[in-house]
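Inspection log for the structure reproduced underneath, given as structure tokens.
The values are calculated or read from the model by the stated rules, or taken from the named source; none is laboratory data. These numbers come from a predicted model, not from an experiment. Cβ placement follows ideal geometry from the backbone for every residue including glycine, while neighbour counts extend to all protein chains displayed.
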Amino acid sequence: MKPAESIQTTPAAPVGPATAEKPRAKYSPLAAFWDTYRSSSYGLAGLVLLGVIVLAAVAAPILAPYDPSKLGDQMLGAPSLSHLMGTDGMGRDILSEVIFGTRISLMVGFTSAIISAFIGTIVGAVSGFFGGLADEVISKVIDVFLLMPTFFLILIIVAMFGNSLLYIMLVIGLTTWPGNARLMRAQALTLRERTFTQAARAIGEGNLAIIFKYIVPNGIYPIIANTTLRMAGAILTEASLSFLGLGDPNVVSWGKMIFEGRTYITSAWWAAFFPGLAIVVTVMAFYFIGDGLNFALDPKVRRDAR
């Protein structure tokens, strides 16, 4: 009698800590945002440019070859190995002034834009959420501000009340909020009708709690993108004021450098060219970042780009 054929079976792999399936890492909203943002070439270029500019501002005492306020013997010296961007009409090194001027421009841009974003967000959220008479009055105020020539208003205020750097930042921020307010108002008009807002009202949450817990966090995304453009606008405004002689005379400013170098534009072009180039590059960086943020935060923009 033939022995029964043995049936060979593959032993089951032991299940233990070494072979157990590892839980998948959660895909955070921040990672999703970054994946979308980096697909924008303009956004990445702006981020790199801004990184270089911020690094120059932070490390200005190390990177600047000379003291920006030090007067030299070589006045209106052309760009050379000792002065890569030349010297101005008082013998100061232009490269050092440009590097230290980065601090002023970034300070003006960030501070003014944050003030504008804060006021615009609060005013727009209140206007859109409450509606009725409050919305009508606030909308009229916003329209009045939008119709006014903002730069000339800033020009008049600074000329009348003072031109210190702090005052300039406050004036720019306090006169440029209506754009953010209009954006936030449009978001609030939609969000107040959403289910989660109605549910919060049904369980007894107050109006202020609903505004700051649901309306503002969900409607802030267009404000974030617009704020980067406001930073660029604030830098241009400060440079324009300094060019007109209404900037703070106690700080190193790109606009003031252009104002001082305009006299020598035909004989010493570098005195006004390099600070002007710095303004162009910085403003371009903020515009590129704004383009990337708009691409990452607005599904409609991404759909149109495909």
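Annotations
- Taking (1) closer than 21 Å to Ser127 by Cα; (2) surrounded by fewer than 21 Cβ atoms within 10 Å (Cβ to Cβ); (3) among the small types (Gly, Ala, Ser) in turn, Ala181 satisfies each apart from (2).
- Residue check, Ala268 assigned to a helix (DSSP H, G or I) and surrounded by 19 or more Cβ atoms within 10 Å (Cβ to Cβ): no
- Pair list, Cβ < 6 Å and 6+ apart or interchain, from the range 287-301 residues that are at pLDDT 80 or above to residues that are part of a helix (DSSP H, G or I) and hydroxyl-bearing (Ser, Thr, Tyr): Phe288/Tyr42; Ile289/Thr228; Gly290/Thr228; Asp291/Tyr42; Gly292/Tyr37; Gly292/Tyr42; Ala296/Thr36; Ala296/Tyr37
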